[in-house]
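These notes are about the structure you will find just below.
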Amino acid sequence: MSSHAAESPEPGASTPNHEDQANEPAEITFDEHLHPARPKSLRFRPRVRAPFVRRSLAQDGPPTGANPAYVSWLLSQSMLSDANEISQQFSGQGSMWQNPFARPHPRSAVDTASVWFTAYPLSLITRPEESFLKAMADETLWKAFSEIGIQAVHTGPVKRAGGISGWQLTPSVDGHFDRISTQIDPAFGSEDEFRQMCGTANWYGGTIIDDIVPGHTGKGADFRLAEMKYADYPGIYHMVEIDPLDWQHLPVVPDGADSVNIDAATEDWLAKAGYIIGRLQRVIFYAEGIKETNWSVTRPTVGVDGVERRWVYLHYFKDGQPSIN
C-alpha cells in the first residue's frame, strides 16, 4: 500500500476543502462595512466644525468666590465649560456614530502607524524664532519621516498647564503634565500651527497622535471652582469637604501656599472619621516633610455661597496635580 493510500481518510469521512477555507471571506470591520471602497484619507471623521472662540472677560475685583466677575472669569478658563460648549457641535449628530468605540483597538492603532516619533515639546530644539508646532509642521521634516518609515508623531503635552492663583497663571509643576486648559500653550505655538502640522502629516500619509493626561489636572480654573463649590465642580476631583468642627485635626497651610500635605497620623484620623478611603498602596514622589501621603488639605476658601470651606483632596502625583474622580 502506498503512503498516499495509507493517509487516505476512512470511507464516508468528510475531507476539509482547503481551497474553500482560503476563499472564505474574513469578518470585515465596521469601518470597512461603512466605507467599502473609500480610501482612508477620504473617510469621514467627526471634527469640530469651527475653531472654538473663548470669551475674553475683564479681570475686576478680588479673586474670591464672592466676586461674580472672578467666578465668570474662571468659567471662561474652565476645561469642563469648554467641553460642554464644544460638545454641542457633536450632540445629536450622525458624526458621533461613524466609528466604533467603547472597545480598545490597540492593533488598529499599530496598523495605522507602527513607527512613531515622540516629540517632547520641552526637549525639542527649534530654529530661532520658531515654535515647537511650527517645527513639527515642516514639510522637509515630514518628507524625511516618510523616507525612513516614521508614520506618526506623538506630540506630547502641548496644552496650557500649571495652575491659577488669583488672577495669575502659575507655571507647570511637572513638565506640562498638569493640564489646565483646552488651549494650545503659546510657548509651543498656536492652533493654526497645530492644524498646519496635521495637514502636512496627512499629505505625507502620516498621523498626529495628540496627548491627554486622563488621571489628573493642574490647579487651574476647574480646581478653583471646585474649591468654591461652584455647581458640581467638586465632583470632578476626589476631594472631600471637612466639617469646620474637625479643622482642628488638619495642618495649617504655610504662608504663600494654597495647600499642605497631611501626615500619616492625620490620614489615619480622616479615614477613621469616614472622610477618605485612607492609606493607598504606595506614595509616588515620597519626600519627608513634603509628600508623606497622597492627600493634601486646602487653605480656607470662600465659596460662591459665601461659606468658607477646607477640602482634603487626593493627588497620586504632586500636590499641584489633583486626581480626577
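Does segment 152-171 contain at least one residue that is of a type outside the set (S, T, Y) and over 28 Å from I236 (Cβ atoms)?
Taking segment 152-171 as the starting set, the residues that turn out to be of a type outside the set (S, T, Y) are 152-154, 156-164, 166-169, 171.
In the following step, the residues that additionally are over 28 Å from I236 (Cβ atoms) were identified as 152-153.
Yes, segment 152-171 contains at least one residue that is of a type outside the set (S, T, Y) and over 28 Å from I236 (Cβ atoms).
For segment 211-226, state whether one or more residues are β-branched (V, I, T), surrounded by fewer than 15 Cβ atoms within 10 Å (Cβ to Cβ), within 18 Å of the chain's Cα centre (by Cα) and in a loop (DSSP other than H, G, I, E, B). Yes, because at least one residue in segment 211-226 is β-branched (V, I, T), surrounded by fewer than 15 Cβ atoms within 10 Å (Cβ to Cβ), within 18 Å of the chain's Cα centre (by Cα) and in a loop (DSSP other than H, G, I, E, B).
Touching a residue at least 40 places away in the same chain (Cβ under 8 Å) and either closer than 26 Å to G220 by Cβ or not assigned by TED's automatic domain parsing to the domain that holds H176 (or both): does that describe S165?
On the way: touching a residue at least 40 places away in the same chain (Cβ under 8 Å): yes; either closer than 26 Å to G220 by Cβ or not assigned by TED's automatic domain parsing to the domain that holds H176 (or both): yes.
In short, yes.
Table: residues versus (1) free of Cβ contacts under 8 Å to residues at least 60 places away in the same chain; (2) outside the structural domain of S81 (by TED's automatic domain parsing); (3) assigned to a strand (DSSP E or B); (4) in contact with a strand residue (DSSP E or B) (Cβ under 9 Å, 6 or more places away or on another chain).
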residue	(1), (2), (3), (4)
W142	no, no, no, yes
P157	yes, no, no, yes
F177	no, no, no, yes
S181	no, no, yes, yes
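Please determine whether any residue of segment 126-134 is of a type in the set (A, V, I, L, M, F, W, C), surrounded by 10 or more Cβ atoms within 10 Å (Cβ to Cβ), in a loop (DSSP other than H, G, I, E, B) and in the same structural domain as H154 (by TED's automatic domain parsing). Give the steps one after another, and end with the answer.
Taking segment 126-134 and keeping what is of a type in the set (A, V, I, L, M, F, W, C), we get 132-133.
Next, from what is left, pick out any that are surrounded by 10 or more Cβ atoms within 10 Å (Cβ to Cβ): 132-133.
If we keep only those that are in a loop (DSSP other than H, G, I, E, B) as well, we get none.
Checked against the condition, which is being of a type in the set (A, V, I, L, M, F, W, C), surrounded by 10 or more Cβ atoms within 10 Å (Cβ to Cβ), in a loop (DSSP other than H, G, I, E, B) and in the same structural domain as H154 (by TED's automatic domain parsing), segment 126-134 yields no hits at all.
Condition check: among the hydroxyl-bearing types (S, T, Y), surrounded by 16 or more Cβ atoms within 10 Å (Cβ to Cβ) and within 19 Å of D255 (Cα to Cα). Does S296 satisfy that? Considered against the rule, which asks whether it is among the hydroxyl-bearing types (S, T, Y), surrounded by 16 or more Cβ atoms within 10 Å (Cβ to Cβ) and within 19 Å of D255 (Cα to Cα), S296 comes out as yes. For the residues G256, G235, the requirement of being closer than 27 Å to L75 by Cβ and in a loop (DSSP other than H, G, I, E, B) singles out G256.
Taking first residues from segment 240-268 that are under 20 Å from G166 (Cβ atoms) and partners that are small (G, A, S), the Cβ contacts under 8 Å between residues at least 6 apart in sequence or on separate chains come to V253/S259; D258/S165; S259/S296; V260/S296.
Within segment 171-208, the set of residues being among the β-branched types (V, I, T) and surrounded by fewer than 17 Cβ atoms within 10 Å (Cβ to Cβ) comprises just one member, T207. Beta carbons closer than 9 Å, at least 6 apart along the sequence or on distinct chains, pair a first residue in segment 79-91 that is farther than 19 Å from G162 by Cβ and at pLDDT below 90 with a second that is small (G, A, S) and not in a helix (DSSP H, G or I) for Q89/A50.
When G65 is tested against (1) of a type in the set (G, A, S); (2) without any contact (Cβ under 8 Å) to a residue 12 or more places away in the chain; (3) not in a helix (DSSP H, G or I), just one condition goes unmet, and that condition is (2).
The values are calculated or read from the model by the stated rules, or taken from the named source; none is laboratory data. This structure is a prediction, so every number in the text was calculated from the model and none was measured. All Cβ positions, even for glycine, are placed from backbone atoms using ideal geometry, and neighbour counts span all protein chains on display.
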